[in-house]
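Presented below is the structure to which this report refers.
The values are calculated or read from the model by the stated rules, or taken from the named source; none is laboratory data. This structure is a prediction, so every number in the text was calculated from the model and none was measured. Here the Cβ is made from the backbone with ideal geometry for all residues, glycine too, and neighbour counts use every protein chain on show. Please note that ligands, DNA and RNA were not included when accessible areas were found on the heavy atoms of the full protein model with its side chains. Shrake-Rupley method; radii C 1.70, N 1.55, O 1.52, S 1.80 Å.
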Amino acid sequence: ESIERMLDHYECILKQMAEKTEQPIAEIEMMTEREKEEILKVFNGTEAEYPEGKVYHELFKEAAKKYPDNMAVVFKPSGSDPYEREQAYTYRELDEITDRFAAMLREKGVGRESIVPIMVDRSADIVVGAIAGMNAGGAYLPIDPEYPLSRVEYMLADSGAKLLLTQPWLAEK
């Protein structure tokens, strides 16, 4: 099977070289049309039914009711960052945390049309902040802590955000 695929690639390359003699080698494709189609349609077939009129945080709430004790988020630290910690939440735990957090965000003025920027290191905190922001009625804006300060300042000013969700060790930035 592998040899046949290699032969198909070789034939595809030779055919292109013969038909387009001026074509740079870097532009020659070795995949056959059948392979491209298979990759695009079969292997990448990620279509799924999305419930009409439902938004992400509503779907999350439904999952929390249906599977309260199932794991919703698991984050395993790489070990390279001293601030990283393992985090794991069941749907019930994540639902409770995000509901409390959303209430606090609403007290701080987050509601419809609000942008909730989140600048956190890679962790489950991004999930908590995003769901809480949506539960409060806002939309979340992820900001990479590695961005230059001028980019972060621009994103905050452009979004009209009134607050920034971040971690204590990033607050100085």
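Results for (1) aromatic (Phe, Trp, Tyr); (2) within 14 Å of the chain's Cα centre (by Cα), shown as yes or no for each residue.
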position	(1), (2)
PHE101	yes, no
ARG106	no, no
GLY109	no, no
ARG122	no, yes
GLY129	no, yes
MET134	no, no
LEU141	no, yes
SER150	no, no
GLU153	no, no
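Taking ALA132, is it of a type outside the set (Ser, Thr, Tyr) and touching a Phe, Trp or Tyr at 6+ places or on another chain (Cβ under 7 Å)?
Here the answer is yes, as ALA132 does meet what is asked.
What number goes with the only condition from (1) at pLDDT 95 or above; (2) open to solvent by 30 Å² or more (accessible area, probe 1.4 Å) that SER78 does not pass?
(1)
Let me spell it out: the conditions are (1) within 15 Å of ILE126 (Cβ to Cβ); (2) open to solvent by 90 Å² or more (accessible area, probe 1.4 Å); (3) at pLDDT 90 or above; (4) among the aromatic types (Phe, Trp, Tyr), and TYR67 meets all of them except one. Which number is the exception?
So the condition that TYR67 fails would be (1).
Residue-by-condition table, conditions (1) at pLDDT below 80; (2) of a type in the set (Phe, Trp, Tyr); (3) in a loop (DSSP other than H, G, I, E, B); (4) open to solvent by less than 70 Å² (accessible area, probe 1.4 Å):
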residue	(1), (2), (3), (4)
ARG34	no, no, no, no
GLU47	yes, no, yes, no
LEU59	no, no, no, yes
GLY111	no, no, yes, yes
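Going by the structure shown, is ASP8 of a type in the set (Asp, Glu), surrounded by 11 or more Cβ atoms within 10 Å (Cβ to Cβ) and under 30 Å from GLY160 (Cα atoms)?
no
Is it the case that region 65-75 has a residue that's in contact with a His (Cβ under 7 Å, 6 or more places away or on another chain) and either basic (Lys, Arg) or at negative phi (or both)?
no
Evaluate region 132-142: report whether one residue or more is out of contact with any Lys or Arg (no Cβ under 9 Å at 6 or more places or on another chain), part of a loop (DSSP other than H, G, I, E, B), of a type outside the set (Phe, Trp, Tyr) and at positive phi.
So far as region 132-142 goes, no, none of its residues is out of contact with any Lys or Arg (no Cβ under 9 Å at 6 or more places or on another chain), part of a loop (DSSP other than H, G, I, E, B), of a type outside the set (Phe, Trp, Tyr) and at positive phi.
Going by the conditions given, is ALA103 open to solvent by 70 Å² or more (accessible area, probe 1.4 Å), part of a helix (DSSP H, G or I) and of a type outside the set (D, E, K, R)?
no
Scan TYR154, TYR147 and give me the residue that is aromatic (Phe, Trp, Tyr), open to solvent by 70 Å² or more (accessible area, probe 1.4 Å) and assigned to a helix (DSSP H, G or I).
TYR154
Of the conditions (1) part of a helix (DSSP H, G or I); (2) under 18 Å from LYS65 (Cα atoms); (3) touching a residue at least 12 places away in the same chain (Cβ under 8 Å), GLU96 clears all except one; give me its number.
(3)
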